[in-house]
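The values are calculated or read from the model by the stated rules, or taken from the named source; none is laboratory data. What you are looking at is a predicted structure, and each value in this text was computed from that prediction instead of being measured. Note that each Cβ is placed from the backbone with ideal geometry, even for glycine, and that neighbours are counted across all protein chains shown. Keep in mind that these areas ignore ligands, DNA and RNA; they rest on the heavy atoms of the full protein, side chains included. Shrake-Rupley method; radii C 1.70, N 1.55, O 1.52, S 1.80 Å.
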Amino acid sequence: MRALSALFFSVGLAAAIVVLSGCGASVAVKEASLSPSESAPVARTAKQVMVENLLAQAEQAFRKGHLTDPAHNNAYDRFQSVLILDPANSEARAGLQAMVIQFAEGVRQALARSRTREARVLLREAEAYFPEHQLLADLRGEMKQMRRAMPADSTVRTATIKRAGKIDAIDEYPLSTAVLSGQRDSLLPLLATLAQRVAQTNESVMIYARTDAEGRWLYKQMKKAVQGYRIRGDIRLSKSPKIAILPPL
């Protein structure tokens, strides 16, 4: 009601100015004084000032890549300090979520470059700070599926160039025939990781499969993982299924 009255007052005042102006009269309008509650800014409490400073420090540390170090001067500690002062603070919670995503992206990039040891170390660090986060649990499950999809005696070779027929292979990923025959969907995380790798490096692939249909299925799954990118490579028949990563064509 008070707001409606103020509106009518403003409209009426404007109309009066128009009428009087048309008559050649001059009008001096005195500005309405605001109440103290409307004119004076609300003073921030010491707690609010501290929270704002901690958020600024956390965001700065995050941008510099100081997620968990140096000790007591990193994004994680600053965001947690905010939550101690204000447990419902949405900015601090969003900042911690961004940290988890950053960790997960690092793990995925390491896997895409076949740096499995680096991926495991990074994932363990992330789990130490976010032990119950679902995204990290999903990543752990993907890595386990990748290991199960390979024969127990197989190793991924990344340090040397290996001959694959008449083609120099950078890496080889043997595929379990038992998994291909019965649970081939468990290969999807591995195939997606390899597809993302070649999309970033422009490397090519050679798919060795027991049948043409099996080879086409493997290629199709890799293509799905990087829609819009054309994976370069070929399919060859072999009794020992595997995927070889080759130099760019």
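Taking every DSSP bridge with both residues inside segment 162-249, close to 70 percent are antiparallel. Per the Debye formula with a single identical scatterer at each Cα and no solvent contribution, what log10 I(q)/I(0) holds for segment 48-147 at q = 0.13, 0.21 Å⁻¹? Values returned for q = 0.13, 0.21 Å⁻¹ are -0.48, -1.01.
The label-point distance for T211 and K223, in a model that sets each label 7 Å from Cα toward Cβ, rounds to 1.9 nm. Remark on A169: its backbone amide H falls under 5 Å from those of K162, R163, A164, a criterion applied only to residues 5 or more positions apart or on other chains, H modelled at 1.01 Å from N. Of D86, D138, the order by accessible heavy-atom surface (1.4 Å probe, DNA, RNA and ligands excluded), from most exposed downward, is D138, D86. Fully extending the segment from Q60 to L83, taken as 0.36 nm per residue of separation minus the present Cα-Cα distance, adds 6.5 nm.
A cut-off of 5 Å between modelled amide H atoms, ignoring neighbours fewer than 5 places along the same chain, links G233 with V205.
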